[in-house]
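Before any comments, here is the structure.
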Amino acid sequence: MTKEPDVIHVTGFLTQAEADDLLSTILKQADFRQYNSGYGVPRPRMEAWYGSWDYRYSGGTVLKAAPIPDWLSPVFEKVKTAGFGDYNAVLINRYRDGYDKVDPHSDDDYGDPFPTIPTLVLGAMRPFWLRLKQDHKTKVSYRPSHGDLLVMRGRTNADWQHWIARTSKPVGERISLTFRKK
């Protein structure tokens with residue numbers, strides 16, 4: 001059990017112009033949908049899935065396979081060139097305002113007990129929280145900005161849960177691209 005998560009925060013992974021262009025393209029072209037949770041309640045965020053397989057959440061929700069659009073290819077290549085892995089799918093989450101969130105969880109869909117999980121952040125800054133699974137009291141937060149990349153590695157996914165909390169403070173829209181491989 002690690003007492004500190006193995007997370008790399010790459011500030012300015014995309015230039016301001018690259019981040020602005022990608023955000024604009026995603027908002028215009030991504031096929032965002034609001035899916036139900038395993039309890040039949042709409043998830044408090046929107047999602048778009050691009051990959052060659054259906055993406056299944058443990059609660060039963062299935063995001064159907066969709067081809068990766070050409071406009072995302074340069075981002076996949078940049079993540080690979082930076083040495084964070086070669087990926088063939090991406091989950092894009094859209095947090096429209098402070099009400100949208102994702103609860104504490106681990107990404108258990110990788111089939112690898114210690115995956116490298118890169119997440120590119122666009123738009124408004126929202127704290128990215130991690131808590132130790134063992135006690136839920138040990139917490140760490142990161143504050144990724146527009147164009148930053150957070151990379152969880154090693155035992156982070158095995159030992160920690162992560163989330164984006166709801167906030168009553170006025171915040172702008174946040175988009176995250178979490179890269180997957182299968």
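The values are calculated or read from the model by the stated rules, or taken from the named source; none is laboratory data. Keep in mind that this is a model prediction, so the values were computed, not measured. Don't worry about glycine lacking a Cβ; one is built from the backbone with ideal geometry, like all the others, and counts go over all protein chains shown.
Just a few scattered comments:
- When the test is whether a residue is within 17 Å of HIS9 (Cα to Cα), more than 13 Å from the chain's Cα centre (by Cα), surrounded by fewer than 21 Cβ atoms within 10 Å (Cβ to Cβ) and free of Cβ contacts under 8 Å to residues at least 24 places away in the same chain, SER141 passes it.
- Condition met for GLN134 (among the polar types (S, T, N, Q) and loosely packed, with under 14 Cβ neighbours inside 10 Å): yes
- Evaluation of GLN161 against (1) under 11 Å from the mean Cα position of the chain (by Cα); (2) at pLDDT 95 or above (one fails), failing number: (1)
- Only one of PRO144, PRO127, PRO115 that is of a type outside the set (S, T, N, Q) and more than 25 Å from ILE26 (Cα to Cα): PRO115
- Scanning the range 23-51 for residues that are more than 15 Å from ARG96 (Cβ to Cβ), touching a residue at least 40 places away in the same chain (Cβ under 8 Å) and over 15 Å from the mean Cα position of the chain (by Cα) returns THR25, GLN29.
- Sole residue being under 27 Å from GLY172 (Cβ atoms), loosely packed, with under 13 Cβ neighbours inside 10 Å and under 15 Å from the mean Cα position of the chain (by Cα), chosen from HIS105, HIS9: HIS105
- Taken together, the residues in the range 68-102 that are exposed (fewer than 14 other Cβ atoms within 10 Å of the Cβ) and either within 15 Å of the chain's Cα centre (by Cα) or at positive phi (or both) amount to 1.
- With respect to being touching a Leu at 6+ places or on another chain (Cβ under 6 Å) and either surrounded by 15 or more Cβ atoms within 10 Å (Cβ to Cβ) or in contact (Cβ under 8 Å) with a residue 24 or more places away in the chain (or both), LEU120 fits the description.
- Selection status of GLU18, loosely packed, with under 15 Cβ neighbours inside 10 Å and acidic (Asp, Glu): no
- Residues that are in a loop (DSSP other than H, G, I, E, B) and of a type in the set (A, V, I, L, M, F, W, C), drawn from the range 133-182: ALA165, VAL171
- For beta carbons closer than 8 Å, sequence separation of 6+ or different chains, a first residue in the range 144-158 that is within 12 Å of PRO118 (Cβ to Cβ) and a second that is modelled with pLDDT of 95 or more and of a type in the set (Gly, Ala, Ser), the qualifying pairs are ASP148/GLY12; LEU149/ALA82.
- Pick from the range 103-132, criterion among the polar types (S, T, N, Q) and in a loop (DSSP other than H, G, I, E, B), ranking: modelled with the lowest pLDDT: SER106
- Scan the range 66-99 for residues that are in contact with a strand residue (DSSP E or B) (Cβ under 6 Å, 6 or more places away or on another chain) and within 26 Å of PHE114 (Cβ to Cβ) and the total you get is 9.
- Of all the residues in the range 160-179, those that are under 20 Å from GLY85 (Cβ atoms) and surrounded by 21 or more Cβ atoms within 10 Å (Cβ to Cβ) number 5.
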